[in-house]
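Here's the structure, in structure tokens; my notes come after.
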Amino acid sequence: MTLRLPKKVTDFAATAVRTSLQFVEDTVERVRAGRGGEARPVPEPPPSRDPTPASAPVPRRPRAATPEAPVAAPPPPAPDPPPIAVVPEPTRGQAARIRAERRETEQTEGSPGPEIHVDEPWPGYASMNAPEIIDRLRVSDDAVKAVVVLYERSHRARKTVLRAAGA
């Protein structure tokens, strides 16, 4: 199963992991510096001369202070990362406008688009005047009238012919 997360979420997670890793590395460096660069074994306490049973816990004596290299003060904590700005999601209307703008910028002169070519409703239509077309529309069916409306709107757009065709 593939899980897709927004880029801001993955960036935030990556920053958190890097910050945690840096903290661990800094801590290891401070511990190594305090020990002189390498781990020293912890000495075992000397055997007790008290006649106490072996099962009784033996109190440990505090370790004597040994001269060690001075421990440098820990570096100041890293500043908190800047807060992530929460950008609200666009509304449906805004998203539709954004998509429309992208489509418009992607279209070039030669790209396919909404282009319709309508032929003459009948032969010789282009040479006819408006009254002749109106007379013929009176006896025509609805399909012919619809083709006349499409043709007239994309060509001469004569109001009288469009009215007669039922537009």
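Rule-based calculations on the coordinates, nothing more; no lab input. If you're wondering where the values come from, they're calculated on a predicted model, not measured in any experiment. So basically every Cβ, Gly included, is an ideal-geometry build from the backbone, and we count neighbours across all protein chains shown.
Filtered by the rule that a residue be touching a residue at least 12 places away in the same chain (Cβ under 8 Å) and surrounded by 10 or more Cβ atoms within 10 Å (Cβ to Cβ), segment 77-121 gives Ala78, Pro81, Ile84, Val118, Asp119, Glu120, Pro121. For segment 131-167, a tally of residues being of a type in the set (Ser, Thr, Tyr) and closer than 10 Å to Val118 by Cβ returns 2. Look at (1) farther than 30 Å from Thr19 by Cα; (2) touching a residue at least 60 places away in the same chain (Cβ under 8 Å) and you find that Ala157 fails only one, number (2).
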